[in-house]
Each structure stands twice: as C-alpha cells, then as structure tokens.
1. Tell me the per residue accessible area of the stretch 198-274 using a 1.4 Å probe; a whole number in Å² is fine.
2. Give the carbon-plus-sulfur fraction of the accessible surface of the stretch 111-189 in %, rounded to a whole number; probe 1.4 Å, heavy atoms of protein chains only.
3. Specify whether the C-alpha gyration tensor of the stretch 356-435 places it in the rounded, prolate or oblate class, a ≥ b ≥ c being the square roots of the eigenvalues: rounded for a/c under 1.5, otherwise prolate if a/b is larger than b/c and oblate if not.
4. Accessible area per residue of the stretch 111-189 at 1.4 Å probe, in Å²?
5. Modelled label-to-label distance, VAL80 and SER388, 7 Å Cα→beta-carbon offset: nm?
6. Let me check something: with ligands and nucleic acids excluded, how do THR217, THR177 order by accessible area (1.4 Å probe), largest to smallest?
7. Enter the accessible area of PHE248 (Å², nearest 10), with the probe set to 1.4 Å and all protein chains included.
8. Please give, to one decimal in nm, the separation of the simple spin-label points placed at ASP197 and ASP148, each 7 Å out from Cα toward the Cβ.
Amino acid sequence: MHEENKAAANGCGKIRSGAQNGAALLALMEKTGYSMVQQNGQRKFGGPPPGWEGPPPPRGCEVFVGKIPRDMYEDELVPVFERAGKIYELRLMMEFSGKFIGVCVSLDNCRLFIGAIPKDKKKEEILNEMKKVTEGVVDVIVYPNATDKTKNRGFAFVEYESHRAAAMARRRLIPGTFQPWGHTIQVDWADPEKVVDEETMQRVKVLYVRNLMISTTEDKIKAEFNKFKPGVVERVKKLRDYAFVHFFHREDAVAAMSIMNGKCIDGASIEVTLAKPVNKESPWKQHFNGQISPSSENLLGFPNKEDGTQKSLGKPAGLSVRLNGQHSPSPPEVERSTYPIFPGIKLTPISMYSLKLSHFSSAVMHLDYFCHKNSWAPPEYCLYSTTSQDGKILLVYKVLISSIADDSQSYFMPEKLCTTVEDAKELAAQFTLLHL
C-alpha cells in the first residue's frame, strides 16, 4: 500500500477519534484496491479505480451528496453508493452537517457571477482585471445598461476553462481582498445554463431578442424582422429592453436569427437567439403554490400555452432572479420546517442581508434582498384601488426601483388586480423581479 494512503487513513483515524475507524478505512482500501489521499480539505477515494482504462467519466456522471452524518465515513458510504453502479471517485469533505443526506446531480459549473462592477468599465477592462488575479479565464460576458448602452449593468459573468479553475477563482475572490478599480466586488456561482434537448429545440419558432432600446416599440421590431420576408412574424412581445418574436414557421425563425443577429435597431446592436422552452411546471411557478392565475401567466413571463417559451434570465446561484442574461428563472429550494429551541441554545443577532436568498420564500422579500445586493434603494410600493362591477374593492401596487449609483428610476406595475393587499404586493414583487 502507498505511504500516502496509510497517512490519509491514519490521519483520518485521529480525526474520527478511534483506531478502529482508521482500521476500517485501511480494510476498505485493501478490499477494493482503491487509493485514498487527503488534500485541499477533502479526502479522495479512487479516481481512477483499479484497472480503469480510458478517459474519466464525462460531465453529468457525478452526484453531490449533502448533509452526511458526522460519524459516517467511506467504509459505510462506499457500499451504499456501489448499489447504484461502479464508483469512479468519491470525494469526502472534512466538515459534515449531521442531518439526513440529500442527493442531486453535481453541476460542473465553470461560470462565476461578479457584481458591483463600475458601470463605465468595458468588457476588455473587466477581462484583463479577472486575468490578473485568477487563472483559466476564457471569456467575460457583459450586458449593456437598459437605458444607456455605453454603460454595463454593474455585473458580469466570468467563464473559466474548468470547474476547478472557477472554484479556485471563487475561493480567491470571495474574501474581498481583490478590489478592482477601488471597488469591493460581489462574487458567487452563476447558475449553469439550462440544457434543453435537441429534439425540443428543433420545434422552437420563437426568437429571444436582447439589447433593445427602451424606446423601441413592438411594431418597430415586427417591421424590422418582417423586412427579409414579409408576413413571417406572428406577433412580438417586448418587455423593457428585450423581446420575443413569434414566427408562423420555424424555418423563418431560424433564417431571421441568422440575418438579424448583430443588426442595429434604433441605434442598438441587438443579439438574437432561439428562445428556450421551459417545463410547464417550472420551479418558479411551483414556488408560488399555484397562487398565480392562468390569466397572469403570460404577464409574468410564464410559458405561453401555444409555444411554451418564456424570457431568459441570468443570475447567480445565490439569487433566484438576478438580471437579464441567458438563464431561466428558478428560485432555490426552500426548506419550510420548524425546529425546537432547546434550553441554553445560543441565539445571535443577524441581518437578513447576510443570509442567502434560499432563506426567503416570498417575492416581496426576494425583491428587497435583490435591491440591497445591487446597492439600490429599497423598493417603494404605491397602492392603487378601483371598484369592480359587483362592488368589490380591487387593488394593485406600483413598484418604484431607484438606483443609488446613477439616480435612475424604474416603475413596475402588473396589469392584474387583486382582492387582498397581501396578494397585490406579492404579485407586484413577482412582476418586478421578472422584469428587471
């Protein structure tokens, strides 16, 4: 047996407080022939296993297992996971949660979200700054400001050559010691782009058009996309600085995408891609427990019943909805449970803004958190009312979002009325989040 294997097992025996535990790991390695090394805060079992020939398994073959009990180690975990198939590699972190385990597909994420970037910085400047302090940078994705195309939106996505390179970059940037241009930046994982199977994409006949001017109208967009072949556009739905162009036939949508991508409309160079379909029961829709009426689904960006497309949002994993980009909205899973307060338990004062977004379950709280993270003023809600034909008082909120950085203001108001103040405020927050 290799000396590094013995050192790893014996070292773990001390951490696990018992020679028997170390012996169990040594027995596991003797039985399976796998090696075990300890490095970078984790213990690696295998990778590759004995007799393995060829390259490592492709992306999508790894699962993440969380909340492993503190007293469970490889000698118990390996037999459990071997029931599903041959193990290529098992990496065990050195700190555990002590709860029931949870299993999900491991995401080989290569993209980081970088926030609080000065809005006057260009893509090349941001790319050079990231390359100075991190390795493996492949590209930087920067989106222009909705109202001023000469500025960025205050954030960027940095693409790395591998998940490991992205993870090392995140570890180096998170402490806050790196301050480009004298600014403290925000760093988090970006949600990986949702993968849609080729068969589904072959049926899409809707284009997603980004980087439009706020002043550009739906009629203008329709006219521009009809130029190459009159009458091919069925309808256009514009939301702020992006739009969805629906075609009667897919072949016309594909041809228009090739022709119109990079063209100028009202002085703005547009980006055109195929709109990505989403599951009819999307996580965001499920998140609000069916409280959104069918008539408001299209209004809030949910799939159209005819084509199943919706707008695409970019966001970091820590925020369920960030800003316009290339991803679909899907909030984090929220654990809705209560736990007893035992005598003597220590409670520490904490700010809600130091939490992750997964701790919030309402759109109102999401929006407040979102504004704070972007250094904007808190959202302002203005309540309006009207009376229905049967005498009911119906309510709607208008939401004002003010950017402290550039003094810009934006108003958002859903075109639906509610019977309760709580529902009206929640609907307004949902609408605002999905249209920022």
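1. Working: 3720 Å² over 77 residues.
Result: 48 Å² of accessible area for each residue.
2. Working: 1850 of 3890 Å².
Carbon-and-sulfur percentage of accessible area, whole number: 48.
3. Working: a/c = 3.24, a/b = 1.72, b/c = 1.88.
Since a/c reaches 1.5 but b/c is at least a/b, the shape of the stretch 356-435 is classed as oblate.
4. 49 Å²
5. Placing both labels 7 Å along Cα→Cβ, they lie 5.1 nm apart.
6. Numbers: THR217 75, THR177 115 Å².
The most accessible residue leads, giving THR177, THR217.
7. 100 Å²
8. Calculated label separation equals 4.7 nm.
The values are calculated or read from the model by the stated rules, or taken from the named source; none is laboratory data. These figures come from a predicted structure and were not determined experimentally. All Cβ positions, glycine included, derive from the backbone under ideal geometry; neighbour counts span all protein chains shown. For accessibility, only protein heavy atoms count, side chains too; no ligands or nucleic acids. Shrake-Rupley method; radii C 1.70, N 1.55, O 1.52, S 1.80 Å.
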